[in-house]
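**Student:** This is the structure, below, for whatever I ask next.
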Amino acid sequence: MFLIKAEIKKWKRNKILIGIIILTAILNLFAIERAFAISRESPIMDSFGDLYCLAFKNLTFVFLPIVIGIISTMLFFDEKKNDTLKNVLITSVSRFEVFFVKFILIELMTLFLMVLTYISSILGAILSSGFIDFNLVTLKEAAILYMLAALLIPIAMLPVIYIATFSKSYVLPISMCLLYLGIGIFGASILLHIHPLASLLGVYQNVSPAAKEMVENSIGGYSLNASPFSCLVSILSIGIVFFILAIKSMKRQNY
């Protein structure tokens, strides 16, 4: 708990984090603007599902993975450079605890951004009006989609977080983050169960009809032939492997 409080206190002074929140708000405003600008007679904005999936896609498909790559690099490389980690490890705190706390913070940051976007989607639907399917059922579907993403995206990004634990500059983890993201997006259909970001799409498409349509439109108009359970197992299995590798990486290094 002490480590979490200390990390949060450092984050409050971080201008990059403030910038991430501002950019998230801008993405949310763009989705709301689309809800106002596009007629309900248009098939691309005739349901609340179209709105919450647009806001979701804006945040999670590219922006959030890149943010996690940047934040994880800051959490490890910057603290090594400033000898912050060295000072922490002088105490009785283990490397496992240090890594676990930083990963929990990434999860909390992701959860915060997802909740912010979820609330923005609801406000957009209320303010723009005209969504006949805006009800408890679609609100629940949206909440499930957003919460799944909040929990699973940081796990899916653990290969990049692992690289950040031993990187000696920003170049390697950020470059690998972009490469990892690009492969996941453009190779989704053939890398299902192999690439965690591709497997996420297999989970999303089973949440609701709107989410299924979002995934299909993102990968060329066809659905992924996979069960959500098998995709979830793949994400968690690969995540556990890289979680262990990250801890071992930290133990091998001298701070």
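**Student:** Pop out the ³J(HN,Hα) list for region 180-185 in order, Karplus 6.51 cos²θ - 1.76 cosθ + 1.60 with θ = phi - 60°, rounded to Hz; leave Gly and Pro as x.
**Tutor:** These are the phi-based 3J(HN,Hα) values: 4, 5, x, 5, x, 6 Hz.
**Student:** Turning to a different aspect of this structure: Per the 1.4 Å probe, what fraction of the accessible area of region 132-182, in percent, lies on carbon and sulfur atoms? The partial results should precede the final answer.
**Tutor:** Working: 1850 of 2270 Å².
Ligands and nucleic acids excluded, carbon and sulfur reach 82 percent.
**Student:** Please list the radius of gyration and Dmax for the chain, considering alpha-carbon atoms only, with Å as the unit.
**Tutor:** 19.1, 63
**Student:** Then there's this: How much area per residue is accessible in the chain when the probe is 1.4 Å and only protein heavy atoms are counted (Å²)? Please list the in-between numbers first.
**Tutor:** On the way: 12380 Å² over 255 residues.
Each residue of the chain exposes 49 Å² on average to a 1.4 Å probe.
**Student:** Work out the FRET efficiency for Ile18 and Arg40 from their Cβ-Cβ distance, taking R0 = 30 Å, and round it to the nearest 0.05.
**Tutor:** Efficiency computed from Cβ-Cβ geometry: 0.25.
**Student:** How big is D for region 86-189, in µm² s⁻¹ as a whole number, if Stokes-Einstein is applied with the Kirkwood radius of its Cα pairs at 25 °C and 0.890 mPa s?
**Tutor:** 147 µm²/s
**Student:** Please state the charge dipole magnitude for region 113-255, taken about the Cα centre, from unit charges on C-beta atoms (+1 on K and R, -1 on D and E), reported in debye and rounded to the nearest 20.
**Tutor:** On the way: 6 positive and 4 negative charges, 147 e Å.
Computed charge dipole of region 113-255: roughly 700 debye.
**Student:** Something else: For region 15-75, compute Rg over Rh where Rg is the Cα radius of gyration and Rh is the Kirkwood radius from the inverse mean 1/r over Cα pairs. Could the numbers behind the result be given before it?
**Tutor:** On the way: Rg = 14.0 Å, Rh = 12.7 Å.
Answer for region 15-75: 1.10.
**Student:** Can you divide the C-alpha Rg of region 132-179 by 2.2 N^0.38 Å and report the result to two decimal places?
**Tutor:** Its radius of gyration relative to the 2.2 N^0.38 Å reference: 1.77.
**Student:** If you wrap a convex hull around the alpha carbons of region 170-225, what volume per residue comes out, as a whole number of Å³?
**Tutor:** Spelled out: Cα convex hull of region 170-225, divided by residues, is 78 Å³.
**Student:** Further question: List the equivalent ellipsoid semi-axes of region 131-255 in whole Å, largest first, each obtained as the square root of 5λ for an eigenvalue λ of the Cα gyration tensor.
**Tutor:** 31, 16, 13
**Student:** Grab the DSSP H runs of the chain that are 4 residues or longer, score each as -39,500 (n - 2.57), total them, divide by all residues and round the 222 nm result to the nearest 500 deg cm²/dmol.
**Tutor:** Mean residue ellipticity at 222 nm (helix-derived): -24000 deg cm²/dmol.
**Student:** Please give the contour-minus-distance gain from Ser169 to Leu151: 0.36 nm per residue of separation, less the Cα-Cα distance, rounded to one decimal in nm.
**Tutor:** Value of the extension gain: 3.7 nm.
The values are calculated or read from the model by the stated rules, or taken from the named source; none is laboratory data. Fair warning: this is a prediction, and the values are worked out from it, not measured in the lab. Here the Cβ is made from the backbone with ideal geometry for all residues, glycine too, and neighbour counts use every protein chain on show. Remember, those area values only see protein heavy atoms, side chains included, never the ligands or the DNA or RNA. Shrake-Rupley method; radii C 1.70, N 1.55, O 1.52, S 1.80 Å.
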